[in-house]
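The values are calculated or read from the model by the stated rules, or taken from the named source; none is laboratory data. Just so it is clear, the structure is predicted and the values come from calculations on it, not from any experiment. Cβ placement follows ideal geometry from the backbone for every residue including glycine, while neighbour counts extend to all protein chains displayed.
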Amino acid sequence: MKIPLSRVAHARSGDKGDLSNIGVIAHEERWYPILVREVTAERVKAHFGELVRGRVERFLLPNLGALNFLLYEALDGGGTLSLRVDAQGKTFGAALLRLEIDAEDTELS
Amino acid sequence: MIRIANGQGFWGDWLEAPVRLIEQGPIDYLMLDYLAEVTMSILQKQKAADPALGYARDFPPLIARIADQMRERGVKVLANAGGVNPVSCAREVRRVAPDLRVAVVLGDDILPHLDNLLAAGHEMRNMDTGAPLSTIRDRIQSANVYLGAFPIAEALATGADVVVTGRCTDSALALAPMIHRFGWKETDYDLLAAGTIAGHVIECGAQATGGNCQADWQSIPDMANIGYPIIEAEPDGAFAITKHPGTGGRVDLATIKEQLLYEIGDPENYMMADCVADFTSIQIRDCGNDRVRFTGLRGRPRPDTLKVSISYHYGWKAIGTLVYSAPDALQKARAADAIVRERLRQLGLAFDRIHTEFFGVNACHGPAAVPCPGPPEVELRIGVRGEDRKAVERFTRELVPLVLSGPPTGTGYGEGRPKAREIVAYWPALLPRDAVKTRVEVIK
C-alpha cells in the first residue's frame with residue numbers, strides 16, 4: 001500500500017554552501033530496510049524537481065537506522081547568495097517526508 | 001567524568017541559555033559558539049572601522065554576568081567569540097571580569113598572510129568549483145583557518161578560566177577539555193573521534209535537546225524552558241548526552257539521531273581538524289531520564305590539510321514582496337510577477353538571477369509542496385542578484401507601483417521598497433597544516 005514517508009521516518013535537513021543534507025531516520029529500527037528499499041537517490045531527486053539542479057547522493061547508517069542524502073546545487077547558490085525564503089533548506093527534511101512510498105501491512109506491524 | 005555544556009549554537013542564540021546552564025546544575029566547562037561562515041566578514045568590517053572591535057560583543061557582558069558563579073564552581077568557559085580580534089575580546093573580558101584568567105588562541109586569521117601564501121604556491125582553490133583564489137583576490141574580506149582542539153587544550157593548560165579563540169571547528173571547543181583533562185594524544189584517533197562526535201552533537205545548542213525536532217514534536221515538553229545539551233565525557237571515549245533535570249525539551253534516540261545527521265556529508269569520513277570520525281561506528285543507547293549513551297566510536301588520522309573559510313564580495317541582492325488576497329490570489333500574484341519582469345526587461349537591467357516564489361503556496365517545498373487550491377492569500381516574493389548595485393537598486397522601485405497599476409487587491413507594502421544588500425559569498429578551501437602557526441597568549 002501507499003504511505004507517506006513520514007509514517008515510518010523523521011528527518012532533519014541542513015546546509016553547507018549550495019549543498020543541502022537530509023538525514024532520514026526510521027521511527028522503528030526494524031523499518032530501516034523499508035527506507036533502504038524505497039528512498040533511493042533517484043526518487044529523492046525526482047521529488048524535489050527543479051529545486052535541486054545537481055545530483056543526489058545517498059549514504060547508509062545501519063547502526064542508526066538512518067540514511068543521509070546530499071543534494072547538490074540545491075539552494076540557489078547557498079547561504080548568502082540564495083534568493084529563496086528557505087535559503088538554508090531548513091524545510092527540506094519536512095518536504096522529503098511527504099514522499100509516497102510502498103510498504104506492506106506486515107512490514108509495518 | 002567531566003561535564004561539558006554548550007550555551008550558544010550561533011551568535012544570536014538564546015541569551016539566557018548559558019546563564020541557566022551554570023545556575024541549574026553541575027558543569028565543568030561551558031562552550032559557546034558564536035561564528036557562522038559569514039560572521040567573520042561582518043566582524044572584519046567592524047574591525048576596519050574601529051581596530052578595537054571585530055569580536056562577538058555579546059560575550060564580555062555574559063562573562064561579567066556569570067563571573068562570580070564561574071569562580072565559585074570552578075567552571076571554565078571556551079568561546080570562539082574572538083572573531084577576527086581575539087586579543088581585543090580577551091582584554092575586554094579582563095576589564096569586565098578582572099579576577100578571571102583569560103587566554104587567547106591565535107593563528108587562525110591568515111588574511112594578513114594571504115599574498116605570501118599565494119606566492120608560496122598555495123592556490124587555495126574553491127572546494128566546490130575548483131577555481132583558484134587568485135581569481136577573487138581583490139574582493140576578499142576575511143580568511144580564517146578552522147583550527148582544531150589542541151591549541152585550545154594548550155590554552156586550558158595555562159590555567160585559564162576563559163579561553164577566547166577566533167575561527168576553530170565548533171566541535172573543537174568541546175573536544176579541547178577532554179584532551180586537557182584526559183591527556184589524549186594526537187594519535188588517539190578513536191578517542192579524538194569520540195570527542196569530535198560529542199562536540200558535533202552539542203555544537204548547535206538545543207537542536208540536541210528537542211529543538212527543531214520533527215519526531216513527535218508536539219509532545220516535547222516545556223520548550224520555553226528548554227535545557228541546553230551537556231556531554232558527560234569519560235577518559236575511555238564513552239560519553240552521554242543529557243541536560244539538567246527539570247529543564248524543558250527532550251533527549252532521546254530520536255532527538256539525538258536528528259542532530260547526529262545534521263550537516264554531515266559522507267558519514268564514514270567526517271573530516272575535522274583533529275581526526276576523521278566514522279559515524280557508522282556509533283552505538284547509542286537510551287538510558288532514560290533524558291540521557292543517551294555513546295560507545296564504540298572509531299576514528300582515523302587527521303587530514304594533512306586544514307579547511308580555510310574565506311569570504312569575498314560577490315555583488316548585490318534585493319528581495320521584494322507584495323500580498324494578494326482571494327479570489328484568485330495565486331493568479332494575481334503570477335500576473336504581477338509577469339508585469340515586474342516585463343518592466344525589468346524594458347529597463348534593460350542585467351541580473352545574474354531573478355527568482356520568484358509564491359509564499360503560501362510552494363516557496364519552501366517547490367514541487368513537493370502540499371497542493372493548495374484557492375489559497376486565501378499569497379505573498380509574491382521576487383528577488384534579484386547581480387554585480388551591478390545600481391541595477392539592483394532600480395529593481396527595488398518596481399514592486400510598490402503595482403498596488404495602483406497592477407492586478408487588484410495588492411497590499412502588504414507597508415515596509416516600503418526593499419533594500420539592496422551586499423552579498424558576501426563563502427569560499428571554502430584547503431591549506432597544508434604546516435603553513436599555519438598557532439600560538440597561545442595569556443592576557444595580563
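Overview of results
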{"read-out": "Filter result (in contact (Cβ under 8 Å) with a residue 12 or more places away in the chain, among the small types (Gly, Ala, Ser) and surrounded by fewer than 20 Cβ atoms within 10 Å (Cβ to Cβ)) within region B:283-314", "value": "B:296"}
{"read-out": "Failed criterion for residue B:423 (all others in (1) within 14 Å of chain A (Cβ to nearest Cβ); (2) at pLDDT 95 or above hold)", "value": "(2)"}
{"read-out": "Inter-residue pairs, beta-carbon under 6 Å, first closer than 20 Å to residue B:265 by Cα and in region A:71-98, second assigned to a loop (DSSP other than H, G, I, E, B) and among the basic types (Lys, Arg), 6+ apart", "value": "A:72/A:55; A:73/A:53; A:76/A:84"}
{"read-out": "Number of the exception - residue B:381 against (1) within 30 Å of residue B:89 (Cα to Cα); (2) surrounded by 14 or more Cβ atoms within 10 Å (Cβ to Cβ); (3) among the charged types (D, E, K, R)", "value": "(1)"}
{"read-out": "Meets criteria (more than 7 Å from every other protein chain (Cβ to nearest Cβ) and touching a residue at least 24 places away in the same chain (Cβ under 8 Å)) for residue A:48", "value": "no"}
{"read-out": "Residue check for residue B:407: farther than 30 Å from residue B:156 by Cα, crowded, with 16+ Cβ neighbours inside 10 Å and touching a helix residue (DSSP H, G or I) at 6+ places or on another chain (Cβ under 8 Å)", "value": "yes"}
{"read-out": "Residue within region B:226-238 that is surrounded by fewer than 24 Cβ atoms within 10 Å (Cβ to Cβ), under 22 Å from residue A:94 (Cβ atoms) and modelled with pLDDT of 95 or more present", "value": "yes"}
{"read-out": "Selection count where residues are surrounded by 24 or more Cβ atoms within 10 Å (Cβ to Cβ), closer than 16 Å to residue B:100 by Cα and of a type in the set (Val, Ile, Thr), scope region B:145-164", "value": "3"}
{"read-out": "Which numbered condition residue A:54 fails, given (1) buried (at least 17 other Cβ atoms within 10 Å of the Cβ); (2) more than 9 Å from chain B (Cβ to nearest Cβ)", "value": "(1)"}
{"read-out": "Residue that is surrounded by the fewest Cβ atoms within 10 Å (Cβ to Cβ), among those in region B:342-359 that are without any contact (Cβ under 8 Å) to a residue 40 or more places away in the chain and among the basic types (Lys, Arg)", "value": "B:345"}
{"read-out": "Residue list for region B:19-41, restricted to those being surrounded by 18 or more Cβ atoms within 10 Å (Cβ to Cβ) and free of Cβ contacts under 8 Å to residues at least 60 places away in the same chain", "value": "B:22, B:30, B:34, B:39"}
{"read-out": "Hey, residue B:207 over 19 Å from residue B:15 (Cβ atoms) and within 12 Å of another protein chain (Cβ to nearest Cβ) or not", "value": "no"}
{"read-out": "Residue match in region A:29-41 (condition: closer than 23 Å to residue B:369 by Cβ, of a type in the set (S, T, N, Q) and within 11 Å of chain B (Cβ to nearest Cβ))", "value": "no"}
{"read-out": "Unmet requirement for residue B:234, which otherwise passes all of (1) touching a residue at least 40 places away in the same chain (Cβ under 8 Å); (2) under 22 Å from the mean Cα position of the chain (by Cα)", "value": "(2)"}
{"read-out": "Residue within region A:6-14 that is more than 7 Å from every other protein chain (Cβ to nearest Cβ) and under 21 Å from residue B:265 (Cα atoms) present", "value": "yes"}
{"read-out": "Positions within region B:252-284 being outside any helix (DSSP H, G or I) and facing chain A (nearest Cβ under 9 Å), in sequence order", "value": "B:261, B:262, B:263, B:264, B:265, B:266, B:267, B:268, B:282, B:283, B:284"}
{"read-out": "Selected residue (criterion: farthest from the other protein chains (Cβ to nearest Cβ)) from residues of region B:285-320 that are under 30 Å from residue B:379 (Cα atoms) and small (Gly, Ala, Ser)", "value": "B:320"}
{"read-out": "Breaking point among (1) surrounded by fewer than 21 Cβ atoms within 10 Å (Cβ to Cβ); (2) at the interface with another protein chain (Cβ under 10 Å from one of its Cβ atoms); (3) at pLDDT below 95, for residue A:105", "value": "(2)"}
{"read-out": "Extreme residue, nearest to the other protein chains (Cβ to nearest Cβ), among residues of region B:364-380 that are without any contact (Cβ under 8 Å) to a residue 40 or more places away in the chain and closer than 20 Å to residue B:327 by Cα", "value": "B:370"}
{"read-out": "So residue B:332, is it part of a loop (DSSP other than H, G, I, E, B) and either closer than 19 Å to residue A:78 by Cα or more than 14 Å from chain A (Cβ to nearest Cβ) (or both)", "value": "no"}
{"read-out": "Of all residues making up region A:86-102, the number that are within 14 Å of chain B (Cβ to nearest Cβ) and over 24 Å from residue B:356 (Cα atoms)", "value": "4"}
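Listed here are the residues, each with its yes/no results for (1) in a helix (DSSP H, G or I); (2) aliphatic (A, V, I, L, M).
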position: B:8; (1), (2): no, no
position: B:18; (1), (2): yes, no
position: B:22; (1), (2): yes, yes
position: B:26; (1), (2): no, no
position: B:57; (1), (2): no, no
position: B:70; (1), (2): yes, yes
